[in-house]
Every structure is written in C-alpha cells, then in structure tokens.
Amino acid sequence: MQEERNTSGGLSNSIENGAVDSVQEVARQVHGELRQLLQQRTEVMRRIGTVKRTIAGLTSLFGDGELGEELQELIEGANRGRKTGFTKTCRAILMEADRALSVREIHDQLRARTPALLAGHQDPVASLTTVLNRLVSYGEAHRVVLGDGKRGWQWAAEPGDQSSDLKSDLH
C-alpha cells in the first residue's frame, strides 16, 4: 500500500513537472514572439518617421498642393482637432542644431519661433519631453547625456540608427 502511494505520488509529480515544463516552454515561445513583434513595431515606426520626413521635405520644396488630397488626409488625419506644428517645429529645431540640445534650450527656441504653440500646453516642458522621446522611439533623434550631466536630444543623421543614451561633450 505504501508502495502504491509512492508510485502514484511519483506519477503525479512527474505530471506536474511535465506541466511546469510545458508552461515554461510556452512562456519562452510567447516571450520570444513578443520581443520579435516589439522589434518589428520599432522598425515600422522608424520607417514611418523616414517616410514622413520625406513627405515633409517634398512639401517644403513643392508645397502642400502637390501632395494630393488623399495623402494630405493620411498624413494629417491623426492631427485633426489638435494644433499642428508642435512636433514639426521640434524636428526643425533638432535638425538645424549643430549640437545636442537640452529640453530647456529647445523650449526657448520654440518659444522664440512660435510662442502660440506653447500657449495651449499646461506644462510645455513635459509636452516637449514627450515629443522628443517619441522622436527617439521613431529613430529620428538620439537621447544623449550632455556635458553637465543633463539629458539632451540630437537629430539622428542616419534614420533608424539605434544609438541612444550617448555621451555628448558638445554642450
């Protein structure tokens, strides 16, 4: 009788170990798939950023009229009902800078260029930080550590370059 209990207990433990192994294998597979999907999303967002930069360049060269109605709707569709230009101006400031800039420097330049863009923001520095971090996630900008130890942002010369949290002695 004691033997039967050990045998059935061993079988039960064996089944439990097999179930745990199966769960761990499924978790590994799902984790791998999630990592792959997140990487694909990052690559797609970077590609979208590149395409939008191309369209912005064409627009600045030839004007909005050359885009066509459908493309304008596609590009501007996400911006309906909110002020446009905030992200675009941040991009321009970063592109024109010859060095990495702090959020305060970007804020000051934005305020000097178009103060109305900051008027609707309760916390403009927080809004700027959000936009700048989004540009980093799109691969359009790099997050850097400035000479004074503060965070800064710099335009990515090569779209999709994955450098981030770089040291910058340019400040």
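The values are calculated or read from the model by the stated rules, or taken from the named source; none is laboratory data. A quick note: this is a predicted structure, and the numbers were derived from the prediction, not measured. Positions of Cβ are generated from backbone atoms using ideal geometry, with glycine treated the same way; all protein chains shown enter the neighbour counts.
Just for segment 61-114: of the residues that are at pLDDT 75 or above and of a type in the set (Gly, Ala, Ser), which one is surrounded by the most Cβ atoms within 10 Å (Cβ to Cβ)? Here the residue is Ala100.
Would segment 160-168 turn up any residue that is modelled with pLDDT of 90 or more and outside the structural domain of Arg46 (by TED's automatic domain parsing)? So far as segment 160-168 goes, no, none of its residues is modelled with pLDDT of 90 or more and outside the structural domain of Arg46 (by TED's automatic domain parsing).
If you go through segment 24-43 and keep only what is surrounded by 11 or more Cβ atoms within 10 Å (Cβ to Cβ) and without any contact (Cβ under 8 Å) to a residue 24 or more places away in the chain, you end up with just Arg41. The residues of segment 115-160 that are crowded, with 21+ Cβ neighbours inside 10 Å, part of a loop (DSSP other than H, G, I, E, B) and without any contact (Cβ under 8 Å) to a residue 40 or more places away in the chain amount to a single one, Ala156. Would you be able to tell me the number of residues in segment 83-112 that are outside any strand (DSSP E or B) and either of a type in the set (A, V, I, L, M) or farther than 15 Å from Val125 by Cα (or both)? Summing the residues that are outside any strand (DSSP E or B) and either of a type in the set (A, V, I, L, M) or farther than 15 Å from Val125 by Cα (or both) in segment 83-112 gives 18.
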